[in-house]
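Below is one structure, written out as structure tokens; comments come after it.
The values are calculated or read from the model by the stated rules, or taken from the named source; none is laboratory data. Given the structure is predicted, the values throughout are model-derived calculations rather than measurements. In this analysis, Cβ positions are derived from the backbone assuming ideal geometry, glycine residues included, and neighbour counts consider all displayed protein chains.
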Amino acid sequence: MIEILVVVAIFASLGTLMVNSLFSILRSNVKSELIKEIRQSGSFAIDVMTKKITGGTDPECADDYRGVSFNDVNGEKITFLCDSGGYIASQSASGKKTPLTGQNKITLTSCRFDCELSGTSHKVTIKFTLSQAGTPIRQEEIAQQSFSKIILVRNQ
């Protein structure tokens, strides 16, 4: 009789350990997916802004450091801005905004554009942080990533 109780206790302990391990794996999978989405969104935004700004002319940063405007290769005025909706957007001269970072699961938590003129070269520094939207309940669901890029404008 005592042997049966010992075996049942051992199996119950092993079952509890296995269930806890399974839930731990599932939670880390959720965080991994969030981090992957944040990295993809931020990398896409950095790539688009780098390509456009590098080929542009006359970059000017906003006084509040939340945007940069420049002329693209066709002479059209383009603005990249930290939108109050929680994303980075590209705005054309017509006023149409196109989000560059995800809006559903991802939000912009900090954003800054700095413009510098050294000699005849223009330099634009972009810094922003993306995190998951909403307030996570558990610590392991907190996911955020900072992005930074210094862009030298080729066309003067």
Lone qualifier among F23, F80 - being of a type in the set (F, W, Y) and in contact with a helix residue (DSSP H, G or I) (Cβ under 8 Å, 6 or more places away or on another chain): F80
Test: residue in the range 115-124 that is buried (at least 16 other Cβ atoms within 10 Å of the Cβ), out of contact with any His (no Cβ under 7 Å at 6 or more places or on another chain), over 21 Å from G42 (Cβ atoms) and not small (G, A, S): yes
Some residue of the range 72-94 being aromatic (F, W, Y) and surrounded by fewer than 18 Cβ atoms within 10 Å (Cβ to Cβ): no
Residue match in the range 89-108 (condition: within 30 Å of I25 (Cα to Cα), assigned to a loop (DSSP other than H, G, I, E, B) and basic (K, R)): yes
Cβ pairs under 6 Å, 6+ apart, first in the range 60-87 and more than 20 Å from L130 (Cα to Cα), second among the small types (G, A, S) and surrounded by fewer than 16 Cβ atoms within 10 Å (Cβ to Cβ): V73/G55; E76/A93; K77/A93
Residue within the range 134-142 that is assigned to a loop (DSSP other than H, G, I, E, B), surrounded by 15 or more Cβ atoms within 10 Å (Cβ to Cβ) and at pLDDT below 85 present: yes
Residue ID - modelled with the highest pLDDT, chosen from residues in the range 31-87 that are assigned to a loop (DSSP other than H, G, I, E, B) and hydroxyl-bearing (S, T, Y): Y65
